[in-house]
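**Student:** Take this structure first; my questions come after.
Laboratory data are not the source of any read-out in this text; all were calculated from the coordinates shown. Predicted, not measured: the structure shown is a model, and the values here were computed from it. When we count neighbours, we look across all protein chains shown, and the Cβ atoms used for this are built from the backbone with ideal geometry, even at glycine.
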Amino acid sequence: MKHHGPLRRARAILALPLLLAAAGSAWLPGIAQAQAQAQTSPYRLGVSQSLMHDSNLLRAGEGQLLPEGLRRSDTVSSTALILGLDQPISRQRLGVDATLRANRFAHNKRYDNEGYNLRAVLDWATVERLGGSLQASRNRTLARFAGAEDGLSTERNTEQTTRLAASAYYGLAGPYRLEAGLERSTVGYSSERYRRREFEQDSASFGLRWRPSDGLNLRLALRHTAGSYPHYLIASDGSSHGDDFRRQALELSGEWIPSAASRVRARLSQGRTRYDIARERDESGLTGEVGWTWQPAGRFSLVTTLRRQPAQDAYLLDTSGELGSIEYSRMSSVLALRAGYQLSAKLALQAEWEHTQRRLERTLYLGGLGADSRAARDHDNTLRLSASWQAQRSLNLGCDWQRFSRSASDLFLAQRSNAFSCWGQFMLQ
């Protein structure tokens, strides 16, 4: 009887689209009139349900033993309520989106959680050349399960992110436009274990955009960022001391549309980041991204992206910082391909592949004893296949399969995972 559990879960996942389709067919006659009346309504209301089974939900390395009470694979049910508003107001436009979500795990029930995504945007413009945007968002999700520095998370840990942003532009004579922006973001965690990872940062940018034609626009901007990890060092009496950081960058970005079927975008940034305490995390260099979108026909599309990006993780051997620290600095090169094909007006297929090559440098710092450094490289590969069906105007169904693999290195274990999910969304709009 114990072997029937996975089979039942697989049947439930496969049956989800059929159940939602049947339910949608039953509801549609009763709501057709409501939909007709809602054609001009700025409001949206919907529900969604998904089931996902992951063979390595905790992202444990191959051969890695799990703490007692945890299961490597699991099935996750996610139920969501979706609310939205899109309302023009004279020259302005107000958009509000809210998603409330409940996630339940079949085996690792300690991770059951409720999350949300809240977002509000106000786009504004004057009669003349002045315009801009105000944005605010707040999200709560389950934090990642595994990290190189902390190992597997054995407790539920939710991550809360908040973002406030304001941008404005002023059109100059000819094809030029001045642009400026301010942004504040914060990240917090529910678990005390992750308290020292909480951070906040503020950034400001000022730039000039040049648009000589409809098919070409370029932007050159200066960006300054100041932030802090307010609980980076924690004393024995519970008091904390933060580690402040600053980043200056010169950014060049642009978009070129050589034909109706092709679009090229690029971004290049030269920057430098400096920390007050954890100076081993200082970094400088050139990063960037280039992407090409090709849509030769109405049914087929291909998006290619190549980017080079830095990412850093560092943690203290003890929370007071007296013993020293370990730093994992990474420079990643990523190649991503995404192809889509519209089989019919209601049925779409999509395939995605992403390859990441990471350069890892682990440096162990011990107070008064110098440093020991090791370097390695590893490779990540992610393949995802998905299909979606617009069964009715208000009912959307889909399934996808994803495979992730990471090669082993001298610093990290290899990882493998397979995930299969099905979902359905019903919207009144």
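**Student:** Calculate, in nm to one decimal, what residue 407 and residue 256 gain on full extension: separation in residues at 0.36 nm each, minus their alpha carbon distance.
**Tutor:** Here the answer is 50.7 nm.
**Student:** For the pair residue 55/residue 41, report the inter-label distance in nm, with labels modelled 7 Å from Cα in the Cβ direction.
**Tutor:** If labels sit at residue 55 and residue 41, their model points lie 4.5 nm apart.
**Student:** Here's something else I'd like to know. Between residue 374 and residue 345, what's the calculated FRET efficiency when r is the beta-carbon distance and R0 is 60 Å? Round to 0.05.
**Tutor:** After rounding, the FRET efficiency stands at 0.65.
**Student:** If you don't mind, another one. For the pair residue 297 and residue 246, how long in nm is the line joining their label points, each one 7 Å along Cα→Cβ?
**Tutor:** Each label point lies 7 Å from its Cα, and together they span 5.7 nm.
**Student:** Just to confirm my numbers, what's the Cα centroid distance between segment 183-220 and segment 59-79 in Å?
**Tutor:** Result: 33 Å between the Cα centres.
**Student:** For segment 155-225, what relative contact order do you get, as a whole percent, if you take Cα pairs closer than 8 Å and at least 6 residues apart?
**Tutor:** Averaging sequence separation for qualifying contacts and normalising by length gives 28 percent for segment 155-225.
**Student:** Further, regarding this structure: Taking 8 Å as the Cα distance limit and 6 or more residues as the minimum spacing, I'd like the relative contact order of segment 83-222 as a percentage.
**Tutor:** So the answer I get is 15 percent.
**Student:** While we're here: Mind checking the full-extension length gain between residue 65 and residue 354? Use 0.36 nm per residue of separation minus the Cα-Cα distance, one decimal, nm.
**Tutor:** Result: 101.2 nm gained on full extension.
**Student:** For the residue pair residue 100 and residue 112, what label-to-label distance in nm results when each label sits 7 Å from Cα along the Cα-to-beta-carbon direction?
**Tutor:** 1.8 nm
**Student:** Computed FRET efficiency, Cβ-Cβ of residue 200 and residue 87, R0 35 Å: what is it to the nearest 0.05?
**Tutor:** About 0.65, to the nearest 0.05.
**Student:** Once amide H atoms are built 1.01 Å from N in the peptide plane, which residues 5 or more positions from residue 143, or in another chain, come under 5 Å H to H?
**Tutor:** Long-range HN contacts for residue 143: 157, 158, 159.
**Student:** So if each residue of separation counts as 0.36 nm, and I subtract the Cα-Cα distance between residue 336 and residue 284, what length gain in nm does that give?
**Tutor:** 16.3 nm is the gain from fully extending residue 336 to residue 284.
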